[in-house]
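Okay, so here's the structure we're looking at.
The numbers here are math on the coordinates, done by the rules we state, and not lab data. On a predicted model such as this, the values are computed, not experimentally measured, just so you know. Using ideal geometry, Cβ is built from the backbone for each residue, glycine included, and neighbour counts are taken over all protein chains shown.
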Amino acid sequence: MCRRSRALLLSVLLVASVNAVGQINIVNFDFSAVRIACSNGYAYEGPVFSCPYAGPSQNFNASPGFGWTLGTLIAQCCHPQMSLDGGPGLTGPNTIFYPPPFDGLPFNQAVILQDLGSFAQQSIDGFNPGNYTLSFYLGSRYSNLYDGNQTVQALIDGNVIGTWALTSYTPFTLETASFNVTTGGTHILEFRGINHGDHTAFLSYVVITPAQR
């Protein structure tokens, strides 16, 4: 190998090493640290009303290593024949919640964002002041029965840094958003559904990296 080639290889390895070290640590970034206990392959967080098609709830928030807080900003409401019209939870592939195909993707569980105000939130440490890039996979319901017309926002410390309006049959797609923090330490990342009704999006594989200088 010539000297120029060795120098180029060393440069590439150094950049890769800096990126790996500089990446912000998100606990349970792919939502797989806590397995879905329900045999139907999906579960809501916390108490929900029973109905013929919904699985039992699961206390993800209290499970060690889960990292995220799942919740809803509005009161959970119900219909006599149904469970609540929305809420957060988790799903695996090929469930009756109709997530997009997981084939070939680097995750096997995703968070459910259903109805207005459903959210997944995490306090993340290790920031330095500066610019960052958020990336994640986002998709919507694959169903003619229940739609995926959900709009998802990403927020840092309560400030919206990106908005994605989905329609049904949106495959998992790698999305990105840029943001800046002026202080080091801990900042709050949140994903939130903002469309009211039985509209569902799915999200996983959340990564934050410092912007290249």
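Given Cβ point charges of +1 (Lys, Arg) and -1 (Asp, Glu) and nothing else, what value in debye, to the nearest 20, does the dipole of region 25-210 about its Cα centre take?
For region 25-210, the charge dipole is close to 140 debye.
Order by neighbour count: Ser204, Ser39, Ser140, Ser135, fewest other Cβ atoms within 10 Å first, most last. Present the calculation step by step, with values, prior to reporting the outcome.
Values: Ser204 24, Ser39 7, Ser140 28, Ser135 13.
Ranked by crowding around the Cβ, least crowded first: Ser39, Ser135, Ser204, Ser140.
Neighbour counts of C-beta atoms inside 10 Å place Phe97, Phe202, Phe119, Phe127 in the sequence Phe127, Phe119, Phe97, Phe202, starting with the fewest.
Going by how many other beta carbons lie within 10 Å of each one, how would you line up Val152, Val34, fewest first?
Details: Val152 24, Val34 21.
In increasing order of surrounding Cβ atoms, one gets Val34, Val152.
Can you tell me which of 141-151, 100-110 comes out highest on packing, and rank the rest after it, using the mean Cβ neighbours within 10 Å? List each step's numbers first, then the result.
On the way: 141-151: 17.9, 100-110: 16.4.
Averaged packing, sorted descending, gives the order 141-151, 100-110.
Two numbers describe the Cα atoms of region 115-164: Rg and Dmax, which are 14.1, 46 Å.
Alpha-carbon geometry of region 155-213: the Rg and the Dmax are 13.6, 43 Å, given in that order.
Alpha-carbon geometry of region 71-213: the Rg and the Dmax are 15.5, 56 Å, given in that order.
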